[in-house]
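The values are calculated or read from the model by the stated rules, or taken from the named source; none is laboratory data. Fair warning: this is a prediction, and the values are worked out from it, not measured in the lab. In this analysis, Cβ positions are derived from the backbone assuming ideal geometry, glycine residues included, and neighbour counts consider all displayed protein chains. For accessibility, only protein heavy atoms count, side chains too; no ligands or nucleic acids. Shrake-Rupley method; radii C 1.70, N 1.55, O 1.52, S 1.80 Å.
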Amino acid sequence: MKPILEVKSMTMDFGGLRAIDNVDLSIEKGQIVALIGPNGAGKTTFFNCITGIYTPTHGDIYISPNGSEDGKNERINGLKPNIVTRKGLARTFQNIRLFTSMTVLENVMIGCHAITKAGIMGAIFRGASTKSEEKLIVEKSYLILEKIGLSKYVDELAVNLPYGAQRRLEIARALATDPFLLLLDEPAAGMNPQETMELDELILKIRNSEGISILLIEHDMKLVMSLSEKIYVVDYGKKIAEGTPEEIRHNPVVIKAYLGEEVDA
Amino acid sequence: MTAKQELKKSIIASVWFMFLTFPIMVIKVNTVTHTIDWRWHNMALVGIGSFFLSMLWRYLLKKKEEGGKKEKKAGLSFIQRLLQEKQFALPGIVIISIITILFPHIFSMYQTNIMTSALIFVVLGLGLNIVIGLAGLLVLGYAAFFAVGAYSYALLNLHYGVGFWVALPIGGILAAFFGILLGYPVLRLRGDYLAIVTLGFGEIIRLVLENWNEFSFGPSGIKNIPKPGFLGIEMSMQTTTIYVFYIVVLLVVFTIFVINRLKNSRIGRAWTALKDDEIASQAMGIDKAKTKLRAFALGATWAGMAGVVFASKTTFINPASFTLWESVIILCTVVLGGMGSIAGVIAGALLLILLPEYMRDFGEFRMITFGAVLILMMIFRPGGMIEDVRKTYKFEK
Ligand SMILES: Nc1ncnc2c1ncn2[C@@H]1O[C@H](COP(=O)(O)OP(=O)(O)O)[C@@H](O)[C@H]1O
Ligand SMILES: [Mg+2]
């Protein structure tokens, strides 16, 4: 098996600041991988580099969507974010970025943008193909909301949702783009224990039923330890450890980086 | 706040206003006798007036703050609910159609002409609504596209004898071309920066038209632009006026139809997404450049077509019809009416064009009223007169 995402010695500089320093990472098909580290370690920047918001200063990012040995390897650094999304990498944002003036359903419908085609003429004449495409978008969005457990909010404006539901909506929206890899940036931030537990189940469900691989940035150690098969630890932009939850839990370097923070929860 | 504090605030406001208006309201120099008339009664009026107005002002502000939270959820206004009721849709359309068809026969030529102008601004407002209301791109030089359309028809007719009906789509397409021309370099800009650049663009177009005499005949403009023809039939002045009125009505209907379709389409949703959050939109697979350029092009198209109609209606154009003031008026119709809301923009355009027309007797006061109304709107109804309501989608399993 080839990794579906392979990052090779990636570096990202902001002027004199090296936010990511020569980091390698790889994800196998169907894996849940966590990226952890103290605040300011460069985790979000790592996501931004992969998804095309920034172009890394050095290094390579390869994807191989179906993970098979003969599948082709594609280098994606420097591609625009919308193109990266079309290639099958979807993400959520640490600071929630929903479309606030739109309804919950419309937020998910926007997620279908990448996989649909209707243009201006299609919109104006609304021919058979546009109509069926619209129907498909609505149907798909409804089903996703149902799966994520947001059905009761369909016609609400996204801003009016409770915080936990907004985080889930970000996931729903990302799923609508039909990704093979889902990048979650602190999905449990601000959630209460009950919501976090539901999130845990949801992430597992997404992986198990759709075979979507997941790269997770999270501070909630309980969630990270229970979900992930592999954990990468970064500090000051450098990878300081990599391994199974068991290995990470007992790694002295990691414990030192977190200095007093509870690692084995 | 206690009543005592309220009173104190209003008294301070009233004293302040009495002081401010003292030189103009109280002192009057009698130039004949070289004496000063002290009009103390005016001061009393200003004092009492500003006292009560300041009370009212704070009362309204307070009510707005209280209402603000509740309104978000259940606060569809009467008009919004009326527009949503399916059972009123058909009778509503029938009534409006009958009034529109009969309008030029009931009212005088003068009234019909004014209404035609107002409807041209409805088209302009709806066109700009694509750019500002749907895509959230604050464009300030919109009248430039209006000018492109008008001059397309005037010049094509002058040099090549192109008729109205052929010029109409050409004007739209040329304006769309200019829309892309402007849109391309400003793709990265947002908000006020975009507003300033587009304002500059509008002024450039106007200045070119004003100064390039060989091309556009400068400030003296172009005369004798033919009115729209109908199968080559000779028409009297009155018939032509009515005919132009109907053409504009058709253009309005066409515009409403197209914009309504666009709004609730994949493209329309992408525009609104970009307006809400550019980074998230791109992360959802929306091509920012392409989507924005489409908004610029489409918005400009309608200004271009409105320009062709305008040129044919007035039969004379010069750069003075396409100044920053026109751009501002069109912008105001969108903002005042309700960004993104089709009914709102129509209401806004009619109000903004018709009211000043009928308030001519008030002279300069209409400008003050205009400004005051805009400021009050921004404070008390920032969403516009008829706020946009998102479409909901049904899905049956
Ligand atoms: N656009 C940017 N310009 C300059 N510095 C940045 C930028 N984005 C992030 N950084 C810096 O990079 C470092 C890593 O930030 P970030 O990736 O957000 O950390 P984390 O997500 O791990 O908390 C921080 O020092 C931050 O200030
Ligand atoms: Mg972060």
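Computed values, structure above
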item: Buried solvent-accessible surface, both chains (B, A), 1.4 Å probe, Å² to nearest 100; result: 3600
item: Dipole axis of chain B (+1 Lys, Arg; -1 Asp, Glu on Cβ), positive-most option in B:322, B:34, B:341; result: B:341
item: For segment A:17-78, convex hull of alpha carbons as volume per residue, Å³; result: 94
item: Whole-number D in µm²/s for chain B (Stokes-Einstein; Kirkwood sum over Cα pairs; 37 °C, 0.692 mPa s); result: 138
item: Carbon/sulfur fraction of accessible area - the protein assembly as shown, other protein chains in place, 1.4 Å, %; result: 64
item: Computed FRET value (nearest 0.05) for residue B:361 with residue B:86, which takes r as the C-beta separation and R₀ as 56 Å; result: 0.85
item: Accessible area in the full protein assembly, largest first, 1.4 Å probe, for B:34, B:159; result: B:34, B:159
item: Rounded if a/c under 1.5, otherwise prolate or oblate - segment B:269-393, Cα gyration tensor axes; result: oblate
item: Over segment A:98-178 - Rg/Rh using Cα atoms and the Kirkwood inverse-distance radius; result: 1.00
item: Alpha-carbon centroid distance for the pair segment B:207-222 / segment B:268-341, whole angstrom; result: 25
item: Distance in nm between pseudo-label sites at residue B:16 and residue B:392 (7 Å out along the Cβ direction from Cα); result: 4.5
item: Gyration tensor (alpha-carbon) shape descriptor, the protein assembly as shown, a/c threshold 1.5; result: prolate
item: Kirkwood Rh in Å, taken over chain A so that all alpha-carbon pairs contribute; result: 19.3
item: Distance between modelled label sites at residue B:166 and residue B:253, nm, 7 Å Cα→Cβ extension; result: 2.7
item: Segment A:98-178, dipole about Cα centre (Lys/Arg Cβ +1, Asp/Glu Cβ -1), debye to the nearest 20; result: 80
item: Debye equation applied to the C-alpha atoms of segment A:173-247, log10 I(q)/I(0) at 0.17, 0.27 Å⁻¹; result: -0.70, -1.39
item: Assigned charges on the beta-carbon of Lys, Arg, Asp, Glu; the protein assembly as shown dipole about Cα centre (debye); result: 1500
item: Euclidean distance of C-alpha centroids, segment B:1-23 and segment A:4-51, integer Å; result: 61
item: Radius, Kirkwood style, for segment A:93-235 when every pair of distinct Cα atoms is counted (Å); result: 16.1
